[in-house]
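Take a look at the structure below.
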Amino acid sequence: MSLRASGPLWSGLSGRAKGVAAVLLSLGVGWTWISAAAEPQSPAPSVQTFEGRGIYYIEGRVRSPLGGTAARSPFATNRLAIDDAHTRAQVDREAHRIVIQNEHAYGLNELVACLLLMGRGTTESGRSVPAAVHLKIHKTHNRFVTSLHPHPTVRDKLASAEFEPFDVVLANGKSEVNVLTNALAVEAVRDPQLSARLANLFMQVTDQLEGQQLETDRKGAPLVDLLFGFGSEQANLKLARVRLLSNDPANGELIRAGSAEAMLERGNWEFQIDSLTPYIPRWQFQRDFFLFGLEGLGAIEKISKRGLLKGEKLVVGIRDGTGYISVGDERSEIANPAEVARSYLEFHFVGGVVAQQVAELPARLK
């Protein structure tokens, strides 16, 4: 598979390939989007206020395929990340309106918040697939600067898409501006190449296992093997190799059954992420560690400070419900691996691609 795409992991890339993207991966599992009618939405206040640095989840009409894992509501599939104490957000779910207020003056192009909406799309061939849009909110002095891009999971073009229809309004104390509507979100995923051009983000994804016979009963067998590069299909700078490994022959039954939640609860799975560039910068890792609740773990302290060097390997794994992350000889346990895995697969561009790859494993095995 070669996929032109963009996402939070790759944000900040420029034509000079100034900052190649960091790769933080957790366990990938299959996706099956279910409409809200399939299960009553869990109770939540219609108006909520969030403020201060943190990760906040907003309920909507789309149920997560991993809704049975972790304590978060199955319908909490929209994520708001606030980066500092100067930002306050009010969410009115009945009015479908989010107002983000920040009156602080910054330097140049400071990231203050981002909003990611999960949804589902339908390809031109009628296939239902995950879809997401990512709104990034920066400030230069007291002026907002925004960018919007999709998180595609397949190379097929989408004919339609459905999201929670939020209008997003930014307020700086002097003026208000509407920066996102449902129509804009749908258009972003229907024309991802245009969105990528506007954001100057071109990420190529190559499936190393395409056309190969997959194994399920061998320890260490690769289930996903992807190369991520920056540039065009014909010529791109290889950034990282990402592999999902089955570390126990007994995993074969789970793989063939295709139960996402069972794979998170049982089995022995591991991701290996190899840097293919001289340097993957620290700031991308720092952002991802914040977004996925991994800040402060000893094993990742080194790359948080200086990035990941060529030849180094970042490993994230889960074994019978317990999780770990390691770099070299340093290893730390992950206290809430199910939530980390669920968040990563729902909200991360690479996680979404990996999840879609795993969702297709039963068909590929046939």
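The values are calculated or read from the model by the stated rules, or taken from the named source; none is laboratory data. Because the structure is predicted, anything quoted here is derived from the model rather than measured. Reconstructed Cβ throughout: ideal geometry from the backbone, glycine too, with neighbour counts over all protein chains shown. Keep in mind that these areas ignore ligands, DNA and RNA; they rest on the heavy atoms of the full protein, side chains included. Shrake-Rupley method; radii C 1.70, N 1.55, O 1.52, S 1.80 Å.
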Residues with amide H under 5 Å from that of A159, placed H, sequence gap 5 or more: T122, T123, E124
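For the stretch 299-345, report the convex hull volume of the alpha-carbon atoms normalised per residue, in Å³, without decimals.
Numbers: hull volume 4.1 nm³, N = 47.
Hull volume normalised by residue count: 88 Å³.
Hey, what's the stretch 213-366 come to in accessible area per residue, 1.4 Å probe, Å²? Working shown, then result.
Numbers: 6380 Å² over 154 residues.
For the stretch 213-366, the per-residue accessible area is 41 Å².
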Solvent-free Debye scattering, log10 I(q)/I(0), computed from the Cα coordinates of the stretch 252-357 at q = 0.12 Å⁻¹: -0.41
Amide H partners (placed H, <5 Å) of A240, local residues excluded: F228, L276
Vicinal HN-Hα couplings computed from phi for the stretch 350-366 (Karplus, 6.51 cos²θ - 1.76 cosθ + 1.60; Hz; Gly/Pro x): 5, x, x, 5, 5, 4, 5, 4, 6, 4, 8, 4, x, 5, 5, 5, 6
For the stretch 218-366, size of Cβ-based charge dipole, Lys and Arg +1, Asp and Glu -1, in debye: 460 debye
Within-12-Å neighbourhood charge of L297 [Cβ basis; K, R +1; D, E -1]: -2
In sequence order, calculated HN-Hα J values of the stretch 290-296 (Karplus, 6.51, -1.76, 1.60; Hz; x Gly/Pro): 5, 5, 10, x, 10, 4, x
For V224, residues with placed amide H under 5 Å, excluding near neighbours: L244
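Quick check on the stretch 58-193: take the gyration tensor over C-alpha atoms, sort the square-rooted eigenvalues as a ≥ b ≥ c, and tell me if it's rounded (a/c under 1.5), prolate or oblate. Provide the component values of the computation, followed by the final result.
Working: a/c = 2.15, a/b = 1.59, b/c = 1.36.
The shape class here is prolate.
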Calculated from backbone phi, Karplus (6.51, -1.76, 1.60) coupling profile of the stretch 303-318 in Hz, x at Gly/Pro: 6, 5, 8, 9, x, 9, 8, 4, x, 7, 10, 9, 10, 10, x, 9
